[in-house]
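Notes to accompany the following structure.
What follows draws every value from the coordinates through simple rules; no lab data is involved. Values in this document were obtained by computation on a predicted structure and should not be read as measured data. Please note: Cβ atoms are built from the backbone with ideal geometry, for glycine as well, and neighbour counts cover all protein chains shown.
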Amino acid sequence: MPPSLLPSTLKLRHHALVWLALSGLIMATICATTFVHHLEQLRAEAESTFASRSALLAKFVALHRDRVTVMRKLMQERYATGAVQPSPAPNAERHAGQDSWSLLPEPDAAGIASGSAPLPLSNEQSRELAAAMAMDAQIKAALQYDADLAWLYYLSAQRFIYIAPHGKVGSFHFSDALYERGYWEASSPTRNPARRMILKGPYQDLAGQGWIVTFAEPVYAAEHMLGVVAVDLRINTLEQLANVGRSLGETMMVSGDQRLIAKQSGFAPGMRLHPPLSHKLIDWNADDGGDLWLSSSVIDDELWLVHRLRRRELYLAAARESGSAWLMVLLFGLLAMMAVRLRAALIQAKLLMRTDPLTQALNRRGFYEKAEGLLALAQRQQLVLAVLIMDIDFFKKINDSHGHAVGDTVLKDLGTALRSTKRSSDLVCRWGGEEFVLLLPLASSDQALASAERLRAHAQLIHVGDINGPTITLSGGLVIKRADEPLDAAIKRADELLYEAKQGGRNNIRAAT
Ligand SMILES: Nc1nc2c(ncn2[C@@H]2O[C@H](COP(=O)(O)OP(=O)(O)OP(=O)(O)O)[C@@H](O)[C@H]2O)c(=O)[nH]1
């Protein structure tokens with residue numbers, strides 16, 4: 001590219017850069033907004049799923065708590081009012097090598113009794129067992145409609161248990177290990193003076209039902225604790241609850257002592273968690289590692305439902321969700337970039353098509369295109385149009401004595417001089433060789449010769465070769481275009497006057513009189 005085109009190229013590049021910076025800014029804003037929008041959406045989804053899971057778990061827990069409370073009340077009432085039963089000892093089956101026994105108290109009883117208390121049972125023990133059997137109707141109904149239940153039972157302090165369903169008991173029988181379960185200890189009058197319900201677990205069921213949790217409530221006769229009524233739930237039911245709905249992150253159940261009770265997947269028994277707990281349902285709290293947590297207290301100080309959203313997982317998911325939008329923006333950006341480059345190339349091509357590359361003056365194509373507009377303007381504004389042809393004198397000699405390159409420089413300098421001297425509405429065209437045509441719109445024809453002389457005088461300051469070289473001279477022909485005269489005819493008349501100027505000794509302008 002000729003160096004003379006550099007300024008306009010720089011201008012174009014500047015425009016393109018501004019365009020690119022602008023579209024880059026818009027693209028970055030769209031990408032960031034999409035990302036933030038998806039972050040919010042994923043958090044909102046997690047919040048709504050967590051709220052559903054929490055409501056469901058609360059209902060589920062309330063159902064089992066109520067069941068245990070009803071069973072406990074039934075038993076307590078029966079114990080208080082029931083008569084002393086005769087001991088059912090004759091049906092007992094003793095376990096070989098152990099001091100424990102099992103017996104079905106009645107043919108249609110819901111549960112089986114098993115113990116290591118000496119047989120026959122004492123009157124008090126018999127009375128307790130009969131009271132426990134008062135829960136049978138409740139137990140049977142629960143077992144019929146609720147598949148989540150592993151066991152329903154009454155564990156007496158008198159070293160026996162009444163446990164249902166008896167059909168699944170198998171080789172299980174009473175053992176003192178039962179008193180080591182957390183719920184027994186936690187139900188004791190000293191630990192639980194308020195006699196509230198206890199939730200304990202998870203632990204492996206002694207009768208092989210897998211991981212279970214226990215809801216237990218102490219049974220009292222006046223101020224004396226007899227035992228506990230309890231319901232064991234399978235962990236996998238809780239896991240299913242933690243899986244209801246879809247959301248990013250993981251919902252877990254945690255006991256009051258921060259032991260993991262159930263988890264959506266990959267349950268690790270005995271695992272401890274220390275989530276930041278809050279009593280507000282939708283309240284994100286960050287832990288030390290930066291993970292986000294939601295929490296909900298299902299049973300006061302006993303059971304929490306928590307949801308963990310790992311920050312990395314959240315950002316990755318938001319990025320995944322934003323992917324298609326980002327792709328669109330990227331494509332749009334590429335298209336915009338291509339459009340900008342194409343537009344710049346088109347402008348450049350147009351410029352080249354209409355410009356003489358050496359002098360930066362208009363070429364004939366550019367001249368005729370612009371002249372059309374100028375003619376119309378002159379007509380509208382009633383201006384006169386001066387047509388001036390100027391030609392360097394003895395240019396061949398310059399080429400011959402200084403070389404073609406110096407001749408080129410003279411032409412280039414002349415183009416610059418004419419363009420810088422002309423007014424903005426004037427047209428300067430390199431007509432060919434060392435000849436230039438100028439079209440000057442003027443208020444009156446009187447100004448024409450003065451304008452032409454001004455241009456000629458300025459252009460004649462150009463030196464040939466270097467600053468010490470001779471300056472050039474110009475000859476010119478000047479006419480005022482007649483109203484109905486074609487432009488080419490006016491140029492021809494000016495050319496004839498130029499010829500006269502050359503013949504008349506050069507270095508002058510001949511104007512039509
Ligand atoms: N360096 C250079 N020379 C050019 C270019 N275009 C035309 N010329 C030369 O310009 C010269 C014009 O010569 P002539 O038409 O004889 O005119 P002149 O020597 O200026 O004589 P007068 O016009 O009669 O004063 C020729 O030698 C051309 O080769 C160009 O782009 N660069």
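In table form, for the structure just shown:
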quantity	calculated
Under 15 Å from the Cα of LYS350 - aspartates and glutamates, other chains or at least 8 residues apart	GLU369
Partners for LYS73 among aspartates and glutamates (Cα-Cα distance below 19 Å; same-chain residues under 8 apart left out)	GLU124, GLU128, ASP136, GLU217, GLU223, ASP232
Sequence-separation-based contact order of region 364-511, relative, with Cα cut under 8 Å and 6+ spacing, percent	30
Protection proxy ranking of 236-249, 460-473 - average other beta-carbon atoms within 10 Å, highest first	236-249, 460-473
Normalised contact order of the chain, rounded percent, pairs of Cα under 8 Å and 6 or more residues apart	12
Top positive-direction residue, dipole computed over the chain with Cβ charges, set LEU487, LEU226, GLY505	GLY505
Between region 120-149 and region 205-239, the alpha-carbon center distance in angstrom	13
Per-residue [θ]222 nm for the chain (sum of -39500 (n - 2.57) over DSSP H runs n ≥ 4, rounded to 500)	-15500 deg cm²/dmol
Backbone HN-Hα couplings from phi across region 315-332 [Karplus 6.51/-1.76/1.60, Hz, Gly and Pro as x]	5, 4, 5, 5, 5, 4, 5, 7, x, 5, 5, 4, 4, 4, 5, 4, 4, 4
Region 249-312: C-alpha gyration tensor shape, a/c 1.5 cut-off, then a/b vs b/c	oblate
Length-normalised contact order of region 217-313 in % [C-alpha pairs under 8 Å, at least 6 apart]	22
Under 17 Å from LYS200, Cα to Cα: lysines that are on another chain or at least 8 residues apart	LYS263
Whole-Hz couplings from phi, Karplus 6.51/-1.76/1.60, listed for region 357-365; x for Gly and Pro	x, 6, 9, 6, 7, 5, 8, 4, 4
Ranked list, fewest to most other Cβ atoms within 10 Å of each Cβ, for VAL329, VAL387, VAL70	VAL70, VAL329, VAL387
Pairs of lysines in region 364-511 (C-alpha under 20 Å apart; 8 or more residues apart or interchain)	11
Global geometry of region 66-238, whether rounded, prolate or oblate, following the gyration tensor of its Cα atoms and the 1.5 cut on a/c	rounded
Ranking of ILE261, ILE347 by count of other Cβ atoms within 10 Å, fewest first	ILE347, ILE261
Counted charge near ALA117, where neighbours are those whose Cβ lies closer than 12 Å (Asp, Glu -1; Lys, Arg +1)	-3
